[in-house]
1. Please name all residue pairs, on different chains or six or more residues apart, with Cβ atoms under 6 Å, provided the first residue is in segment 1-28 and is closer than 23 Å to S46 by Cβ and not assigned by TED's automatic domain parsing to the domain that holds A40 and the second residue is surrounded by 10 or more Cβ atoms within 10 Å (Cβ to Cβ) and modelled with pLDDT under 90.
2. Tell me which of these S5 doesn't satisfy, since it passes every other one: (1) loosely packed, with under 12 Cβ neighbours inside 10 Å; (2) farther than 24 Å from R136 by Cβ; (3) modelled with pLDDT under 70.
3. Looking at segment 153-168, which of its residues are surrounded by 20 or more Cβ atoms within 10 Å (Cβ to Cβ) and hydrophobic (A, V, I, L, M, F, W, C)?
4. Anything in segment 29-41 that is crowded, with 18+ Cβ neighbours inside 10 Å and without any contact (Cβ under 8 Å) to a residue 40 or more places away in the chain? List them, or say none.
5. Considering only segment 145-152, I want to know if a residue exists there that is surrounded by fewer than 16 Cβ atoms within 10 Å (Cβ to Cβ), within 28 Å of L121 (Cβ to Cβ) and under 20 Å from the mean Cα position of the chain (by Cα).
6. Being modelled with pLDDT under 80 and either in a strand (DSSP E or B) or surrounded by 15 or more Cβ atoms within 10 Å (Cβ to Cβ) (or both) is the filter here; which residues of segment 54-100 pass it?
7. Restrict the check to segment 164-183 and report whether at least one residue is at pLDDT below 90, out of contact with any Leu (no Cβ under 7 Å at 6 or more places or on another chain) and not aliphatic (A, V, I, L, M).
8. For R15, only one of the following conditions fails: (1) assigned to a helix (DSSP H, G or I); (2) surrounded by fewer than 20 Cβ atoms within 10 Å (Cβ to Cβ); (3) not small (G, A, S). What is its number?
Amino acid sequence: MEARSSKRRILRTARTKRDLILETWNRLNCPDVGERELRAVQRAISDQFGEGAVDSPAAIARVLADEGAELRHPEVIEFDARWRQMQIETTPSVNGLENLVSTKPLRLKQAEGFIKKLEKLRTRSERAGDQRMSRRVRDSAINARDVAKSLSKNQSLAEPERAEQAEFAEWLAVWIQTPNLFRDWLELRRRSPDFRKKFLTEKS
């Protein structure tokens, strides 16, 4: 199949990732696509949009195939498999957050430490433009919120423990929605009569 590069306008400045994928392929002037071409497209995406925005080889290949590219299928599949394995091996750990998201209730002091760790990782990934890490941190917060909600309704726990879990779930909900404002919100929350009544003995 002959590439339809002559029918497409080569963009001077790519505005979207899809534009950049097609522009890069046009500049390579290769009707068939394999690892070399896909690597070139990934580099272009990383240079323009940041490393966290880089798509998998298979995703890029699908875009190009839709535009008439011939894929060297075995080569594309093998490269995609290696790339995905490398992402798993090189993605930074969320430093034990997964271990804290368990069925064991966290006390409020532990809960605050958990959210501080979330915030540290969030700001680090934001500065680095690491979207993959940002998603993992947010997913950890959502998972922890869901666990806390579930524990807050667990009748096998004592009422004070259930109250702490409901409070922790609320903290996480606020952090997920407005992480930059969480610290100020938490300070106000701790001063509230409702918090003092429920957790007067909680030194957190």
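1. From residues that are closer than 23 Å to S46 by Cβ and not assigned by TED's automatic domain parsing to the domain that holds A40, there are no pairs.
2. Every condition holds for S5 apart from (1).
3. Hit for segment 153-168 is F168, nothing else.
4. Passing the criteria: E37, V41.
5. Yes, there is a match, as at least one residue in segment 145-152 is surrounded by fewer than 16 Cβ atoms within 10 Å (Cβ to Cβ), within 28 Å of L121 (Cβ to Cβ) and under 20 Å from the mean Cα position of the chain (by Cα).
6. V94, L97, L100
7. Looking for residues that are at pLDDT below 90, out of contact with any Leu (no Cβ under 7 Å at 6 or more places or on another chain) and not aliphatic (A, V, I, L, M), one finds none in segment 164-183, hence no.
8. For R15, the exception is condition (1).
The values are calculated or read from the model by the stated rules, or taken from the named source; none is laboratory data. What you are looking at is a predicted structure, and each value in this text was computed from that prediction instead of being measured. All Cβ positions, glycine included, derive from the backbone under ideal geometry; neighbour counts span all protein chains shown.
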